[in-house]
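**Q** Sharing a structure, written as structure tokens. Questions coming.
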Amino acid sequence: MHFYDLASYGQMIHDRIRTSAHQRALASAIKPGDVVVDLGAGTGVFTLHACRLGAKLVHAIEPNPIVQVAREIVQANGFSDRVVFHQAVSFNVELPQPANVVVTDPRGVLPLNERAIPTIIDARRRLLKSGGVLIPQRDTIWAALVEAPDIYHERYDNAWRLDNEFDMEAARRRTVNGFGKCRVEPNQLLSEPTRWLSLDYRVVEGASACGRIQFEVNRPGTAHGFALWFDSELIDGISISNCPGQPKLIYGQLFFPFEEQLLVLPNQTITVDLRADLVAGEYIWQWTTHTTGAASPETIETLYHQSSLFGSVLAPERLRKMSDEHIPSLNEEGVVHMRALELMNTQRRLGEIAQAIAAEFPKRFSSSDDALGFIGELSARWSS
């Protein structure tokens, strides 16, 4: 799970378009006396707005320790008596009664971000009353073919072409299977925006996605890849978008490079089969690119098959250990962790556990103080 730092939360707050749109959506949804869930509360800005709009009770759910800052902010603004903080992942939160409104913005550049969608699905099922309001309500993800020489050469090409001095293709091959945040301008688009995915959070049940995108080239140029962005309907009539050409939001767009740049002509079709699979809390992206010639559109050629998995630097030994055929046995560090967790489940103080661990594993810990730091980290992560 990725935790934002305080500066990042500040950037979110100062994105006036984002913040204002959510404030208007809350004003449209919340009635005096409502119970509200602020899911991924951060520093508590949505919580403050909910209180000001007359919410009877706000459950501010946030696993990041930043929630302690939110407590201070809520208290400073005089709303402590109406806010219950839950420093936990929302899957572990039980409410005495479901909420009238659930508001969240867990997206990264796209809503397909870590466990954002499973979190929304779970909140809709367990934390929101029947007929309650979910913010946001739906997202549409768009794509366009992009001419982006600066992005492509800086990130994916020139860094690994050393004037023929050395062969760096092994590094470049992995790099072009990566993707990243970018800022795309309308004059860089080589095709009209095409809808790839629609997510209606009121009914969606799955977090993975796949679909085919057909880019119709509308001007000659060099296609370096394609970009994705979203239009988000927070509530009826209130939306935000990070579409190129719109006022800039903090999100930016997501750029996927082609293995090699493509010279394209009007009326040519570039087809991409794109899928995003949520695996162990992270998305694995795959994109397979096909092309047709402007002169012979019936001729289809598969050019590239790329995947963020191909860009991962995984040692063969690590892959072997992750295989479904592998029979594991704990190494020394694994044994230390297992023993520490066993002792933590015996109603002992951390100091006593640290002394026991230091005595049992003298090669691993130079003193009980050394062991206490290790045990403290485990306690912060795993204990209640």
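The values are calculated or read from the model by the stated rules, or taken from the named source; none is laboratory data. All of these numbers come straight from a predicted model, not from anything done at the bench. Here the Cβ is made from the backbone with ideal geometry for all residues, glycine too, and neighbour counts use every protein chain on show.
**Q** Would you mind stating whether V146 is at negative phi, assigned by TED's automatic domain parsing to the domain that holds L278 and in contact (Cβ under 8 Å) with a residue 40 or more places away in the chain?
**A** Here the answer is yes, as V146 does meet what is asked.
**Q** Taking D139 as the residue in question, decide whether it is at pLDDT 95 or above and in a strand (DSSP E or B).
**A** yes
**Q** Filter region 17-46 for residues that are in contact with a Lys or Arg (Cβ under 8 Å, 6 or more places away or on another chain) and in contact (Cβ under 8 Å) with a residue 40 or more places away in the chain; which is surrounded by the most Cβ atoms within 10 Å (Cβ to Cβ)?
**A** V35
**Q** Here is a follow-up. What is the one condition in (1) on the phi > 0 side of the Ramachandran plot; (2) touching a residue at least 60 places away in the same chain (Cβ under 8 Å); (3) surrounded by fewer than 17 Cβ atoms within 10 Å (Cβ to Cβ) that G225 does not satisfy?
**A** Every condition holds for G225 apart from (3).
**Q** If you scan region 226-260, which residues turn out to be closer than 17 Å to R24 by Cα and β-branched (V, I, T)?
**A** Once the filter is applied, which keeps residues that are closer than 17 Å to R24 by Cα and β-branched (V, I, T), region 226-260 yields I235, I238, I240.
**Q** Got a sec? Which of H14, H86, H49 is free of Cβ contacts under 8 Å to residues at least 24 places away in the same chain, surrounded by fewer than 23 Cβ atoms within 10 Å (Cβ to Cβ), not polar (S, T, N, Q) and not assigned by TED's automatic domain parsing to the domain that holds D200?
**A** H14
**Q** Would you confirm, using the coordinates I've provided, whether G78 is out of contact with any strand residue (DSSP E or B) (no Cβ under 6 Å at 6 or more places or on another chain), farther than 30 Å from L228 by Cβ and small (G, A, S)?
**A** When the stated conditions are applied, G78 passes them.
**Q** Determine which member of the set A170, A207, A144 is among the small types (G, A, S) and assigned to a strand (DSSP E or B).
**A** One residue alone meets the criteria, A144.
**Q** Quick one: would you say V313 is assigned to a helix (DSSP H, G or I) and under 30 Å from P63 (Cα atoms)?
**A** Judged against the criteria, V313 is not a match.
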